[in-house]
1. Could you please let me know if Val130 is among the aliphatic types (A, V, I, L, M), farther than 19 Å from Gly171 by Cβ and outside any strand (DSSP E or B)?
2. Given the residues Trp21, Trp25, which is the only one that is within 16 Å of the ligand (Cβ to nearest atom), in contact (Cβ under 8 Å) with a residue 12 or more places away in the chain and surrounded by fewer than 20 Cβ atoms within 10 Å (Cβ to Cβ)?
3. Does any residue of segment 95-104 turn out to be within 16 Å of the ligand (Cβ to nearest atom), outside any loop (DSSP other than H, G, I, E, B), hydroxyl-bearing (Ser, Thr, Tyr) and loosely packed, with under 15 Cβ neighbours inside 10 Å?
4. Within segment 165-180, is even one residue without any contact (Cβ under 8 Å) to a residue 24 or more places away in the chain, assigned to a loop (DSSP other than H, G, I, E, B), within 10 Å of the ligand (Cβ to nearest atom) and surrounded by fewer than 21 Cβ atoms within 10 Å (Cβ to Cβ)?
5. Being modelled with pLDDT of 95 or more, over 28 Å from Thr206 (Cα atoms), assigned to a loop (DSSP other than H, G, I, E, B) and more than 11 Å from the ligand (Cβ to nearest atom) is the requirement here; does Glu62 meet it?
6. Just the residues that are farther than 14 Å from Thr193 by Cα and within 17 Å of the chain's Cα centre (by Cα), please, taken from segment 142-153.
7. Being away from the ligand (no atom under 12 Å from the Cβ), in contact (Cβ under 8 Å) with a residue 24 or more places away in the chain, assigned to a helix (DSSP H, G or I) and β-branched (Val, Ile, Thr) narrows it down to one residue among Ile80, Ile10; which is it?
8. Would you confirm whether any residue within segment 116-125 is closer than 18 Å to Cys5 by Cα and open to solvent by 30 Å² or more (accessible area, probe 1.4 Å)?
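The values are calculated or read from the model by the stated rules, or taken from the named source; none is laboratory data. Keep in mind that what you see is a predicted model, and the values were worked out from it rather than measured. Cβ placement follows ideal geometry from the backbone for every residue including glycine, while neighbour counts extend to all protein chains displayed. The protein model used for the area step is the full one, side chains on, heavy atoms only, and it has no ligands, DNA or RNA in it. Shrake-Rupley method; radii C 1.70, N 1.55, O 1.52, S 1.80 Å.
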Amino acid sequence: MNRICNLFGITYPIIQGGMVWCSGWRLASAVSNAGGLGLIGAGSMHPETLREHIRKCKAATEKPFGVNIPLMYPEIDTIIQIVIDEGVKIVFTSAGNPKTWTEHLHQHGITVAHVVASSKFAAKCEEAGVDAIVAEGFEAGGHNGREETTTLCLLPAIKKITTVPVMAAGGIGSGESILAAMTLGADGVQIGTRFALTEESSAHFTFKDR
Ligand SMILES: Cc1cc2nc3c(=O)[nH]c(=O)nc-3n(C[C@H](O)[C@H](O)[C@H](O)COP(=O)(O)O)c2cc1C
């Protein structure tokens, strides 16, 4: 069985990336209901807004879903506590050091993936004991790392230095590009922009239209 499907208990190794202002409970639950893994993007949410989205997501799907937490979040302790209290089982951390929270989340039975843009940080993920790594190339939407390594170059470099399951992200938006990433060794993919344009995304309709 596919390692990402196995790890997250999903049907397809397709993750809908956490996206500030775009990925609330509607999008996350729709993706999870369709057999992928939906992520609520905590980055644009006040702590109580996040709690509400988690509760609505739980009501909208019985399938696994997760929360993306950018670690430079100012109220990070509160956010982490909410995720634990609400019984979230999967967390994707980004924009910070994977060592800071991975162990604590593991102690609460949470599966942790971390987003990186270089093989140096992928090695840190392995040291931190994360369960999966997102290799995010420079093509990715949102704020990416300072490195300018593109997905098709980053992915093989990361696969070379780790045995942890890897999801490719950045510039993937079709079945063919998923296949290309998997041919290069990806265990799964994380997609952002394509999901930001869906009906269930909370991005403004003018943006979606354009
Ligand atoms: C509008 C937007 C907002 C994003 N916000 C976040 C975020 O809050 N946290 C995060 O880890 N990644 C964020 N990302 C990155 C996505 O999770 C994902 O890794 C990326 O979009 C994949 O590349 P793609 O857009 O080419 O599919 C964002 C992406 C977009 C397009």
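1. yes
2. It is Trp21.
3. no
4. Yes, segment 165-180 contains at least one residue that is without any contact (Cβ under 8 Å) to a residue 24 or more places away in the chain, assigned to a loop (DSSP other than H, G, I, E, B), within 10 Å of the ligand (Cβ to nearest atom) and surrounded by fewer than 21 Cβ atoms within 10 Å (Cβ to Cβ).
5. Taking the combined requirement at face value, the residue satisfies it.
6. Gly145, Thr151
7. Criteria check complete, one pass: Ile80.
8. Among the residues of segment 116-125, not one is closer than 18 Å to Cys5 by Cα and open to solvent by 30 Å² or more (accessible area, probe 1.4 Å), which makes the answer no.
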